[in-house]
1. In segment 73-82, how many are assigned to a loop (DSSP other than H, G, I, E, B) and either among the aromatic types (Phe, Trp, Tyr) or open to solvent by less than 50 Å² (accessible area, probe 1.4 Å) (or both)?
2. Being surrounded by 16 or more Cβ atoms within 10 Å (Cβ to Cβ) and in a loop (DSSP other than H, G, I, E, B) is the filter here, so list the residues in segment 16-51 that pass it.
3. Of the residues in segment 63-77, how many are within 12 Å of the chain's Cα centre (by Cα) and farther than 15 Å from LYS49 by Cβ?
4. Output the number of residues of segment 54-72 satisfying the condition of being under 15 Å from ASN27 (Cβ atoms) and either of a type in the set (Val, Ile, Thr) or crowded, with 16+ Cβ neighbours inside 10 Å (or both).
5. Give just the number: which of (1) more than 16 Å from THR21 (Cα to Cα); (2) in a strand (DSSP E or B); (3) touching a Phe, Trp or Tyr at 6+ places or on another chain (Cβ under 9 Å); (4) of a type in the set (A, V, I, L, M) does ILE85 not satisfy?
6. Does ASN27 satisfy the condition of being on the phi > 0 side of the Ramachandran plot and out of contact with any strand residue (DSSP E or B) (no Cβ under 7 Å at 6 or more places or on another chain)?
7. Among the residues of segment 52-72, which ones are in a loop (DSSP other than H, G, I, E, B) and hydroxyl-bearing (Ser, Thr, Tyr)?
Amino acid sequence: DSCIFKNIDFSNIEIDKVDLTDVVFENCDLSNKNFDYKLIERVEFKNCKMLGTTFISSNIKDVLIDNSMCKYINFTNSKMNNIIILSSVLSGMTLYEITI
């Protein structure tokens, strides 16, 4: 809760058994990270690389994705509320069976 991550490459860091509330990721590489079955609330992703990142069956509320590379991002079966996406690449994104 209430963390700011700047310029971090999460390639060799496991993000497991955490929910994210009031978190900012700025200039981070979150490619292929698994945020499945998580609460993602009031989180900002700014200038992030999120190639193949998954949010399967997550509860996502009040999230900003800004100026980020999000190819192949996967939101399958997620509940989404108040998501803002600005100036980001979303090619290959999966939005299968989401609830808005």
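The values are calculated or read from the model by the stated rules, or taken from the named source; none is laboratory data. Since the model is a prediction, treat every value here as computed from it, not as a measurement. All Cβ positions, even for glycine, are placed from backbone atoms using ideal geometry, and neighbour counts span all protein chains on display. For accessibility, only protein heavy atoms count, side chains too; no ligands or nucleic acids. Shrake-Rupley method; radii C 1.70, N 1.55, O 1.52, S 1.80 Å.
1. Of all residues in segment 73-82, those assigned to a loop (DSSP other than H, G, I, E, B) come to 73, 75-78.
Then keep just the ones that are either among the aromatic types (Phe, Trp, Tyr) or open to solvent by less than 50 Å² (accessible area, probe 1.4 Å) (or both); that gives 73, 75-76, 78.
Selection size over segment 73-82: 4.
2. Those that are surrounded by 16 or more Cβ atoms within 10 Å (Cβ to Cβ) and in a loop (DSSP other than H, G, I, E, B): CYS28, LEU30, SER31, LYS33, PHE35, LYS38, ASN47, CYS48, MET50, LEU51.
3. Selection size over segment 63-77: 4.
4. 5
5. Failing condition for ILE85: (3).
6. So ASN27 fails the test.
7. THR53, SER57, SER58, SER68, TYR72
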